[in-house]
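Structure record follows, encoded as structure tokens.
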Amino acid sequence: MNATSSRFNGQLKKWNADRGFGFVVAEHGDQEIFVHVSAFARDGRVPTAGEALSFEIELDKDGRKRAVRVRRPGAERHTATHRDRQMPHSRRSPSSGSDGSAWVTRFIGLLIAAGLGWYAYAQYGDRVAAAQSSHQELIVAPAPEAARPVPSAFQCDGRQHCSEMTSCREAKLFLNNCPGMKMDGDGDGIPCEQQWCTGPLGG
């Protein structure tokens with residue numbers, strides 16, 4: 001695209017806000033030149049028909065003139081003055097915002113710390129309760145069969161089969177205390193289930 005090096009003063013002759021374009025006219029001229037909303041500064045102000053402008057002219061790909069790099073002389077002075085008036089307030093704003101952010105950060109940190117403390121206390125309480133429960137079970141639980149003392153008169157005398165036993169109690173003593181026993185074929189810890197240790201509990 002070819003662009004002229006001159007800047008023209010003029011005004012916005014027409015403007016279609018819905019479609020985002022209009023036409024400008026240079027001073028001492030009557031030719032209407034196309035202008036798109038993208039040629040204006042993005043300052044939040046809507047272009048208004050009749051307002052004073054300055055602009056440059058380029059040719060589009062079809063060789064038609066269009067206004068580009070549009071400026072609003074009055075708007076620029078107003079923006080600069082407004083910015084100068086607001087500068088002290090702007091300088092104070094970051095600090096006040098920082099103070100608010102720091103307070104929110106501290107508050108969130110306290111909430112997180114309190115939540116972690118409560119969770120740790122709850123876990124500790126659960127562990128203490130579980131330990132107490134296990135201790136009580138150990139105290140109440142009866143001694144297993146294998147932990148019961150072996151009668152002083154008992155001794156392994158080489159007997160290994162159920163047919164050599166005289167009672168279920170004797171079969172259990174041999175099974176639990178003597179090696180090489182052949183009285184528990186299914187390996188459930190109850191010997192001679194057919195001969196001596198009959199019943200649901202094998203007693």
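Derivation of every value follows stated rules applied to the coordinates shown; laboratory data play no part. This structure is a prediction, so every number in the text was calculated from the model and none was measured. Note that each Cβ is placed from the backbone with ideal geometry, even for glycine, and that neighbours are counted across all protein chains shown.
Just a few scattered comments:
- Distance between the pseudo-spin-label points of residue 111 and residue 37 (7 Å out from Cα toward the beta carbon): 4.0 nm.
- Expressed in Å, the radius of gyration and Dmax of the Cα atoms of the range 8-76 are 11.0, 33.
- Separation of the residue 131 and residue 48 label points, Cα + 7 Å toward Cβ, nm: 7.9
- Centre-to-centre separation between the Cα atoms of the range 49-66 and those of the range 26-48: 7 Å.
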